[in-house]
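One structure is given here, and the rest of the page talks about it.
The values are calculated or read from the model by the stated rules, or taken from the named source; none is laboratory data. Predicted model only: the values in this text are computed from it and were never measured. Here the Cβ positions follow ideal geometry from the backbone for every residue, glycine too, while neighbour counts run over all protein chains shown.
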Amino acid sequence: MISLNDYIKPEAIVTGMKAQTKEEAIKILIKRVFQEDNSCCGSVSFEDVCREVLYRESMQTTGVGEHMAFPHARIAGWKKLSVALGICNEGIDFKSLDKNPVNFVCLMVSSLDEPYVILQTMASIIRCLRRMKKSGGSFENMDSRQIADSFTSYDVRTSENILAGDIMRPVKASVKLDSSLEDVARLMHLNHLDVLPVVNGGDRLCGEISCLDIFSYGMPDFFKQLSTVSFVRHIDPFENYFKIKRGVKVKNLLSKDVSAIAKDATLLEIVFQLTVKNRQKLFVVDEGRLVGELDRFNIIDKILFF
């Protein structure tokens, strides 16, 4: 394992970064990479890196949520991983997954020969920032040397292990036990979701509710036993549905066989649940509290595409 301090140098940290857009922020940090150590660049130019990083950003935001963004690129001819950090107190709009402005920007450029080093480094930096936040720390009043040293003090190292907490997405929507069926349907419609987590006080995960649960509610038992309904032509399966749905709450419908996975679950455990167990979505929990979500797209997005 390699310490983050092998990658993060005070000279490559821009404090009080002034950038109005994410494009400006990215170019400031790329410039800092070339100023700090151009031995890693090989024959790759500043313009080449700008083009590759901005192209990657145009395909999908690297604003992962929690006020963090990780613009990056893998470039043929680049020598080794280069990292530059930008701290922007005012916040930058990265079109992040959780809609929040970004205050911490980490630019990473690597060679094509190191497919996982960017993701591994990002995961380690996120862990460090979360530990810092949990202990009440902040980069806001630190200089570049103090920021670099903080990665040593929190003793987070890059590792081959990718965990659920590293690649999870923010929870789009959740419902309570007393939420109405109308509320559930509205959230599913607005967010294009097939399943929603059910939480109680303190955001503790206690179940899930899916479109299948809604469709099945009130369906006669004999109907579920039929192998075909092709012989029936003139019955509306939802004819009585709107009559019985009034007053129905999530607690009447939820499944307690919830697809939960621990925040520190490994990538192998995640893939096992999504494939062998055929889970459509996994809800990531930290000591029972809902903190994120995962699905098969996450694997494509973060592991095979990121």
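Some points to look at:
- Of all residue pairs spaced 6 or more apart or on separate chains, those with beta-carbon atoms under 6 Å, a first member in the stretch 210-229 that is modelled with pLDDT under 75 and a second member that is assigned to a loop (DSSP other than H, G, I, E, B) are Y217/L253.
- Screening D98 with (1) free of Cβ contacts under 8 Å to residues at least 60 places away in the same chain; (2) surrounded by fewer than 22 Cβ atoms within 10 Å (Cβ to Cβ) gives one miss only, at (1).
- Exactly one residue out of A84, A123 is more than 25 Å from V291 (Cα to Cα), of a type outside the set (V, I, T) and crowded, with 20+ Cβ neighbours inside 10 Å: that is A84.
- Which numbered condition L97 misses (of (1) part of a loop (DSSP other than H, G, I, E, B); (2) modelled with pLDDT of 90 or more): (2)
- Selected residue (criterion: modelled with the lowest pLDDT) from residues of the stretch 243-260 that are surrounded by fewer than 14 Cβ atoms within 10 Å (Cβ to Cβ), part of a helix (DSSP H, G or I) and not basic (K, R): I244
- Scanning the stretch 261-291 for residues being surrounded by 15 or more Cβ atoms within 10 Å (Cβ to Cβ) and within 16 Å of D194 (Cα to Cα) gives a total of 5.
- Hits in the stretch 1-39 (condition: assigned to a loop (DSSP other than H, G, I, E, B), among the aliphatic types (A, V, I, L, M) and over 21 Å from H67 (Cα atoms)): M1
- Just one of the numbered conditions (1) of a type outside the set (A, V, I, L, M, F, W, C); (2) outside any helix (DSSP H, G or I); (3) loosely packed, with under 12 Cβ neighbours inside 10 Å; (4) modelled with pLDDT of 75 or more is not true of H189: (2).
- Contact map, the stretch 261-283: residues that are under 12 Å from G165 (Cβ atoms) and polar (S, T, N, Q) paired with residues that are at pLDDT below 90 and part of a loop (DSSP other than H, G, I, E, B), Cβ distance under 7 Å, separation 6+ or inter-chain. Pairs shown: T266/N161.
- Of the residues making up the stretch 8-18, those that are of a type outside the set (V, I, T) and crowded, with 20+ Cβ neighbours inside 10 Å number 2.
- Residue, nearest to S39 (Cα to Cα), within the stretch 55-71, restricted to residues that are part of a strand (DSSP E or B) and in contact (Cβ under 8 Å) with a residue 60 or more places away in the chain: M68
Results for (1) surrounded by 15 or more Cβ atoms within 10 Å (Cβ to Cβ); (2) at pLDDT 90 or above; (3) among the hydroxyl-bearing types (S, T, Y); (4) within 20 Å of the chain's Cα centre (by Cα), shown as yes or no for each residue.
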| site | (1), (2), (3), (4) |
| --- | --- |
| A164 | yes, yes, no, yes |
| S174 | yes, yes, yes, yes |
| D178 | no, yes, no, no |
| L181 | yes, no, no, no |
| V195 | yes, yes, no, yes |
| V198 | yes, yes, no, yes |
| G202 | no, no, no, no |
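- Test for S96: is it farther than 16 Å from T121 by Cβ and of a type in the set (S, T, N, Q): yes
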